[in-house]
Amino acid sequence: MRKKKRFDLRVLGKDLKKYSDAYVMALPVILFYLVFCYKPLYGILIAFKDFSPAAGIWGSDWAANHGFQHFIDFFQSYYFGRILKNTLVISLTSILFGFPAPIILALLLNELKNEKFKRITQTVSYMPHFISIVVVCSMIQMFTSNKGFITYLLSLVGGPDFSLLTKPEYFVPIYVLSGIWQEIGWGAIIYLAALSGIDQQLYEAAKIDGAGKWKQMLHVTLPGISGTIIIMLLLRLGSVMNVGFEKVMLLYNEGIYDTADVISTFVYRKGLLDFQWSYSAAVGIFNSVVNFGVVMIFNKISKKYGEVSLW
Amino acid sequence: MVRKKITAYQIFSIFNIVFMLFIILITAYPIYYIVLASFSDPGGLSRHVGLLWAPIKPYTTSAYETVFRNPLIITGFRNTAFVLTVGLLVNLTLTMLGAFFLTIKGPRLKNVIAIMIIFTMYFSGGLIPSYLNIKSLGLLDSLWALILPGAISTTNLIIMKSAFAAIPDSLIESARLDGASYTQILIRVMVPLSKATIAVMVLYYGVGHWNEWFNASIYLRNGEKFPLQLVVRNILKLAGNSAMGSGAGMDEMAQLAELIKYALIVVTTTPILVLYPFLQKHFVKGVMVGAIKG
């Protein structure tokens with residue numbers, strides 16, 4: 001245990017003088033955080049007020065019920081259940097299918113003997129990661145429209161022949177599958193790195209013990225990358241409340257709000273389109289608080305695993 | 001017994017190669033389709049249903065000519081170029097200053113400042129307070145609204161810091177003894193020794209600026225200020241609406257959008273798709289550092 005240093009202005013003054021050029025360097029950085037991170041944090045106050053732009057943040061009246069009226073309104077509204085459910089369904093489905101996909105790809109890439117073919121496959125698989133979300137989403141819209149080739153292929157096997165994004169039940173599959181398409185290669189990088197870090201002697205030893213390829217995979221490869229898998233999973237679960245907000249914004253339409261509207265898009269519409277500043281900020285805070293709780297829980301768990309904590 | 005196992009693995013290997021070819025196909029085909037469609041006859045394309053393996057004749061480059069003549073797209077390119085260059089300069093300067101300050105041993109306030117920075121990773125004002133902040137700073141309708149609020153990404157700052165921390169302290173200390181200021185040390189010692197990480201920063205921040213559309217859509221009103229991706233989004237949205245609704249009653253803008261949408265995607269996506277294979281070596285490294293330290 002370290003003894004708490006007494007706050008001493010003279011010591012601080014000396015320190016500021018001694019490291020003056022270091023502090024000068026830090027000044028623009030501190031300024032950035034104050035103006036663009038902490039000032040908006042103060043702006044959170046509007047969630048507890050009836051904000052009017054004319055009166056300003058401080059001057060606006062406090063909301064009813066000790067400032068919590070907007071939270072109460074939100075929890076009692078029909079939208080609360082819907083956007084919470086949609087956020088969780090989209091996020092958990094993405095994790096369920098999107099998380100194992102790059103691991104499987106990495107394991108399979110690792111088995112390719114031809115280095116050149118392996119490199120080409122990898123390079124191609126990164127490609128969608130670099131296409132902007134605006135373009136990816138319009139590609140999705142084109143290809144799943146009634147004339148799109150994805151709809152066409154589905155109709156060949158007895159699937160639907162209309163614009164898929166006009167029906168609520170197709171939104172989540174489209175969101176998740178396109179997410180896998182875009183990120184599988186990029187996501188595999190980290191696992192490939194972990195795979196290349198496995199000691200080759202372990203494989204030799206396993207072979208001598210008579211382990212076939214499948215046994216080597218179970219007893220050498222998977223344990224070799226399990227640390228990475230656990231950390232990546234915890235990181236991913238920590239952001240379970242953050243849905244790819246821009247992607248939902250670009251893909252959804254009024255007809256499919258039932259499955260597509262999430263917390264962040266709701267905040268956007270209420271705040272910036274309907275000008276319900278305070279209500280919308282309250283919904284945003286609800287999201288941040290839940291999010292923070294989730295991050296803390298998973299950070300605790302990951303610290304338990306010892307070797308690598310999240311920071 | 002041993003023989004049989006080898007054969008099973010060989011079968012697996014063949015399936016594996018076929019599977020990889022399939023991955024390549026489904027990754028590349030949508031992009032290939034867009035390229036083919038961009039050279040196709042618009043009339044033929046609008047009647048076409050299903051897959052495309054060659055452009056529909058007669059080939060045309062008229063869509064590209066329209067794209068390059070469109071004033072909105074040209075100003076979009078110009079605005080994105082501005083945000084990209086000035087933004088990157090601001091990003092790199094501030095990120096390196098912050099990262100270097102956190103590596104310096106000695107300043108008493110360092111831990112307080114570090115906590116202040118990390119804290120913002122867990123709590124942010126959120127959409128509405130951020131918007132009101134930009135508004136109160138008078139940055140609405142200014143390209144600076146796309147540069148300043150994202151000047152530092154804390155994750156990137158931590159990646160940068162871990163690169164600086166890997167440089168031996170003795171180098172900094174001996175430079176200090178020679179009378180060098182911290183700014184000089186940053187420029188002459190730290191930067192040359194962490195080029196690979198700086199390349200990763202350029203890639204991460206750069207891709208962010210290139211793809212930026214959402215902040216632009218809420219902070220900018222004047223169409224002449226729109227960055228490329230927002231212009232693209234607005235044009236493609238028109239095309240999307242006409243595709244979803246009935247064909248009749250399309251207004252002129254939507255017709256244009258329908259005509260140029262494929263060429264537009266090709267033009268705006270090509271620069272980054274041409275560049276990334278060359279940066280591959282760097283970003284593989286960057287992902288590693290980011291995942292471990294972030």
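The values are calculated or read from the model by the stated rules, or taken from the named source; none is laboratory data. The model shown is predicted, which means the values in this text are computed figures rather than measured ones. Every residue, glycine as well, gets a Cβ built from its backbone with ideal geometry; the counts of neighbours run over all protein chains shown. Ligands, DNA and RNA are excluded from the accessible area calculation, which covers all protein heavy atoms including side chains. Shrake-Rupley method; radii C 1.70, N 1.55, O 1.52, S 1.80 Å.
Where in chain A is the longest stretch that carries no trypsin sites (Lys or Arg not before Pro) classed as loop by DSSP and with at most 10 other Cβ atoms within 10 Å?
On the way: sites that count: A:Arg2, A:Lys3, A:Lys4, A:Lys5, A:Arg6, A:Lys113.
The longest uninterrupted stretch comes out as A:114-311.
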**Message:** So with the 1.4 Å probe, I'd like the accessible area per residue for the protein assembly as shown, rounded to whole Å².
**Reply:** 50 Å²
**Request:** Give the long-range amide H neighbours of A:Trp62: residues separated by 5 or more places, or on another chain, with amide H under 5 Å away, using H modelled in the peptide plane at 1.01 Å from N.
**Result:** A:Asp50
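Would you mind calculating the gained length between B:Met121 and B:Ile26 on full extension (0.36 nm times residue separation, minus the Cα-Cα distance), in nm to one decimal? Can you show the working numbers first?
Working: separation 95, 0.36 × 95 = 34.20 nm, distance 3.61 nm.
The B:Met121-B:Ile26 span can extend by a further 30.6 nm.
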**Request:** Give the longest segment of chain B that steers clear of trypsin sites (Lys or Arg not before Pro) in DSSP loops with at most 15 neighbouring Cβ atoms within 10 Å, not counting the sites themselves.
**Result:** B:109-220
**Fill in**
For chain A, the accessible surface attributable to carbon and sulfur atoms (probe 1.4 angstrom, ligands and nucleic acids excluded) amounts in percent to 65 percent
**Request:** For A:Lys147, list long-range residues whose amide hydrogen, built 1.01 Å from N in the peptide plane, is under 5 Å from its own amide hydrogen.
**Result:** none
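Count neighbours as other Cβ atoms within 10 Å of each site's Cβ, and list the chymotrypsin sites (Phe, Trp or Tyr not before Pro) in region A:133-162 that are DSSP loop with at most 16 such neighbours.
A:Phe162
Please list the helices of chain A that count as membrane-span-like by this rule: a mean Kyte-Doolittle hydropathy of at least 1.0 together with Cα atoms stretching 24 Å or more along the helix axis, each helix being a complete DSSP H run. Walk me through the numbers on the way to the answer.
Values: long enough: A:78-98 (30 Å, 0.96); A:171-196 (37 Å, 1.33); A:277-304 (41 Å, 0.71).
Helices meeting the span and hydropathy rule in chain A are A:171-196.
Could you work out the relative contact order of chain B? I mean the mean sequence separation of Cα pairs under 8 Å and 6+ apart, divided by the number of residues, in percent.
On the way: 247 pairs, mean separation 77.4, N = 294.
Relative contact order here is 26 percent.
Can you list the DSSP H helices in chain B whose Cα atoms extend at least 15 Å along the helix axis and whose mean Kyte-Doolittle hydropathy is -1.0 or higher?
Those that pass (Cα extent of 15 Å or more, hydropathy at least -1.0) are B:2-38, B:71-103, B:110-122, B:154-165, B:195-211, B:228-244, B:252-293.
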**Distance from region B:267-284 to region B:107-144 (C-alpha centre basis), Å** = 31 Å
**Complete:** Output field shielding_mean for A:282-292 (other chain Cβ, 10 Å radius) holds 3
**Fill in**
Asserting the computed 222 nm helical MRE of chain A (DSSP H runs at least 4 long, -39500 (n - 2.57) per run, divided by residue count, to nearest 500) equals -20000 deg cm²/dmol
**Fill in**
Magnitude of the Cβ-charge dipole (Lys and Arg +1, Asp and Glu -1) of chain A about the Cα centre, nearest 20 debye, reported as 1360 debye
**Message:** Report the Cα centroid-to-centroid distance between region B:29-103 and region A:57-109 in angstrom, as an integer.
**Reply:** 32 Å
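Give the B-A buried accessible area in Å², both sides summed, 1.4 Å probe, nearest 100. Don't skip to the end; give the middle numbers.
Values: alone 18320 and 20010 Å², together 30070 Å².
That pair of chains buries around 8300 Å² in total.
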**Probe 1.4 Å - accessible area at A:Ser155, Å² to nearest ten** = 50 Å²
